[in-house]
Amino acid sequence: MSAPLQLGTPHHVRLTVTDVERSRAFYTEILGFDIALEGPPADDPGGLMADTLQGGVVLINAGVMIGLRPVHPEHADDRFNPFRVGLDHVSFSVGSRDDLDVAVRVFDEHKVGHGPIREVPPLGLAFLAAFDPDGIAVELTAPL
């Protein structure tokens with residue numbers, strides 16, 4: 001029997017969103033992501049980049065990439081639901097517990113829905129759950 005695969009940290013996550021521009025603003029203006037790729041280059045042999053982007057954008061922060069792609073029109077009224085099969089939430093590390101307090105203030109200023117900061121001493125962490133414009137759960141996690 002072969003050994004399990006040896007994996008590294010996640011390379012990227014792609015999220016399907018109802019409004020790419022609205023989600024782009026959330027991830028760049030509130031969570032500090034930068035634009036990595038906005039559209040396919042003029043020289044796109046075989047349309048590989050256009051196919052990869054699927055009408056969306058790629059963002060990057062601290063080496064983590066997030067792709068945002070538009071939802072198919074049939075599902076434009078759909079909302080994220082962590083209780084269905086698939087993604088439950090995405091979690092990003094922050095440097096300290098104090099960073100979570102700062103995040104609460106930023107989320108409140110921007111009227112971003114969020115829960116309370118929760119501490120989990122057995123795991124040595126604290127986290128703050130918030131919700132992007134499509135209701136996708138985004139956590140910030142800090143060491144205690």
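Rounded to the nearest 5, the antiparallel percentage of DSSP beta bridges internal to the chain is 65%.
Rounded to the nearest 10 degrees, the inclination of helix 97-109 to the longest alpha-carbon principal axis of the chain is 60 degrees.
Heavy-atom accessible surface of the chain, averaged per residue, reaches 64 Å², computed with a 1.4 Å probe.
What is the percent carbon and sulfur in the accessible area of the chain, measuring with a 1.4 Å probe over the protein chains and ignoring ligands? In the chain, the share of accessible area belonging to carbon and sulfur is 57 percent. The trypsin sites (Lys or Arg not before Pro) of segment 46-144 that DSSP puts in a loop, and whose beta carbon has at most 11 other beta carbons within 10 Å, are ARG79, ARG84, LYS111.
Report the GluC sites (Glu not before Pro) located in segment 11-66 that are in a DSSP loop and have at most 12 other Cβ atoms inside 10 Å of their Cβ, or state none. Here the sparse-neighbourhood loop sites are GLU38.
Multiplying the residue separation of ASP19 and ALA42 by 0.36 nm and subtracting their alpha-carbon distance yields 5.8 nm.
Just one of (i) 13.9, 41; (ii) 17.0, 54; (iii) 15.2, 50 is Rg and Dmax of the Cα atoms in Å calculated from these coordinates, so which is it? It is the value labelled (ii). Mean sequence separation of contacting Cα pairs (under 8 Å, at least six apart), scaled by the length of segment 1-129, corresponds to a relative contact order of 21 percent.
The values are calculated or read from the model by the stated rules, or taken from the named source; none is laboratory data. Quantities reported herein were computed from a predicted structural model and do not represent experimental measurements. Cβ atoms come from the backbone with ideal geometry, glycine included; neighbour counts cover every protein chain shown. In case anyone asks, the SASA skips ligands and DNA or RNA and just uses the protein heavy atoms, side chains included. Shrake-Rupley method; radii C 1.70, N 1.55, O 1.52, S 1.80 Å.
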